[in-house]
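Visitor: Input: one structure, supplied below.
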Amino acid sequence: MSSLLDSALRDVVGAAHVLVDADVRATYETDWLGQTHGTTPAVVRPGSAQEVAAVLGVCAAAGVAVVPQGGNTGLVGGSVPRGGAVLLSMQRCSSLSTVDTLSMQVTAGAGVTIEHLQQHARAAGLDFAVDWGARATATVGGAVNTNAGGSRVVRFGTMRAQVMGLQAVFADGSIVTQLEGLPKETAGPHLPSLLVGSEGTLAVVTAARLRLVPWFRATAAALVACDSLVDAVSLLPQLRQ
Ligand SMILES: Cc1cc2nc3c(=O)[nH]c(=O)nc-3n(C[C@H](O)[C@H](O)[C@H](O)COP(=O)(O)OP(=O)(O)OC[C@H]3O[C@@H](n4cnc5c(N)ncnc54)[C@H](O)[C@@H]3O)c2cc1C
């Protein structure tokens, strides 16, 4: 990385948030499975959409690619930097709005972990529907960009069904904000439909307006023996009631 780029990145996010030490970079350069390895000249940790936009601008001007990363729990290597790309760690974008119990929605920064989001929702008597084993580390931004499913997907759907709006920064540095969370949003292109599941290839997600669900405080597991797969599937409508 040129000293010019290094200095421009430090100007944007502050020197403390441009990590170049090899030992520190190492955890960002290998995926959770330890199977995909890459290298990056720097891990950059922006704290806002404006800083993300400025980082993308600086990197674009220098002709350097950027790979966004959340909790780095993805299992297909999408968060690993390759070819000298700058690693954009989104963990500092971790603001959380007050839960709106009327609309049953909350706005979460891309770096908020799923576990923190669940705890925040439960403190207001609600819950976040998508749940899986990596909840303590996986982030909202990563979940949006992988269209995460998890253990309750049959009941509540994937992330796509939870995202009511997004804020995202595009490669030209433009910030698009659609965080109103209107259920009847019919005007213009639907940003979540474009970006959910795009693995960071189209934009950097900085925040999401998310649907919440009732918190099932008591749950029970039952082992039900069915004669066939068809029988098991036909049981589902009855169990939902
Ligand atoms: C133990 C374990 C269990 C798991 N179980 C499930 C499961 O049941 N269901 C499931 O769907 N997944 C599961 N996963 C996979 C993983 O946790 C999910 O894919 C999760 O959504 C990744 O989130 P992350 O924050 O770690 O994203 P990362 O791994 O950091 O990134 C994933 C992808 O999203 C991109 N990205 C990350 N943040 C942003 C952003 N802000 N803007 C743009 N692009 C971004 C990255 O570039 C990368 O392409 C599991 C993983 C583990 C380790």
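Rule-based calculations on the coordinates, nothing more; no lab input. Quick caveat, the model's predicted, so the values are computed rather than measured. Positions of Cβ are generated from backbone atoms using ideal geometry, with glycine treated the same way; all protein chains shown enter the neighbour counts.
Visitor: If Rh is defined by the Kirkwood formula over all Cα pairs and Rg also comes from Cα, what ratio Rg/Rh do you get for the stretch 105-214?
Guide: Values: Rg = 13.1 Å, Rh = 13.8 Å.
My calculation of the ratio gives 0.95.
Visitor: I'd like the per residue volume of the convex hull spanned by the Cα atoms of the stretch 15-109, given in cubic angstrom. The partial results should precede the final answer.
Guide: Details: hull volume 11.5 nm³, N = 95.
Taking only Cα atoms, the stretch 15-109 has a hull volume of 121 Å³ per residue.
Visitor: Something else about it: Among 221, 148, 187, which one moves the most in a GNM of the chain with springs linking Cα atoms closer than 10 Å?
Guide: Checking each option, the largest mean-square fluctuation is seen for 221.
Visitor: A follow-up question, please. In the P(r) worked out for the chain, what percent of Cα pairs fall beyond 27 Å?
Guide: So the portion of pairs separated by more than 27 Å is 39 percent.
Visitor: List the relative contact order of the chain as a percent without decimals, with contacts defined as Cα pairs under 8 Å and 6+ residues apart.
Guide: For the chain, the relative contact order is 18 percent.
Visitor: Also, I was wondering about something else. Within the chain, what percent of beta bridges assigned by DSSP are antiparallel, to the nearest 5? Write down the numbers at each step before the final one.
Guide: Working: 23 of 29 bridges.
Expressed as a percentage, antiparallel bridges in the chain total about 80.
Visitor: Take the Cα atoms of the stretch 59-136, find their three principal axes, and give me the spread along each one in whole Å, biggest first.
Guide: Principal axes ranked by extent give 46, 28, 16 Å for the Cα atoms.
Visitor: Further, regarding this structure: Counting only DSSP beta bridges with both residues in the stretch 123-214, tell me the antiparallel percent, nearest 5. Each step should come with its number before you reach the end.
Guide: Working: 12 of 12 bridges.
Counting DSSP beta bridges with both partners in the stretch 123-214, the antiparallel share is about 100 percent.
Visitor: If you don't mind, another one. Please get the size of the charge dipole for the chain, origin at its Cα centre, with Cβ charges of +1 on Lys and Arg and -1 on Asp and Glu, quoted in debye to the nearest 20. Before the final figure, lay out each step's value.
Guide: Numbers: 15 positive and 17 negative charges, 97 e Å.
Around 460 debye, computed over the chain.
Visitor: If you build a Gaussian network model of the chain, linking Cα atoms that sit under 10 Å apart, which residue out of 104, 164, 90 swings the most?
Guide: In this elastic network of the chain, the residue with the biggest mean-square fluctuation among 104, 164, 90 is 104.
Visitor: Order of 123-129, 94-100, 199-205, 223-229 by packing, highest average Cβ count within 10 Å first?
Guide: Values: 123-129: 18.1, 94-100: 15.1, 199-205: 20.7, 223-229: 7.4.
Descending mean neighbour count gives 199-205, 123-129, 94-100, 223-229.
Visitor: First select every other residue whose beta carbon is under 13 angstrom from the beta carbon of residue 19; then total the charges, Lys and Arg +1, Asp and Glu -1.
Guide: Working: positive: 10, 25, 45, 92; negative: 6, 21, 23, 29.
In short, 0.
Visitor: Which residue, 25, 217, 45, has the most motion in a Gaussian network model of the chain that connects Cα atoms within less than 10 Å?
Guide: 217
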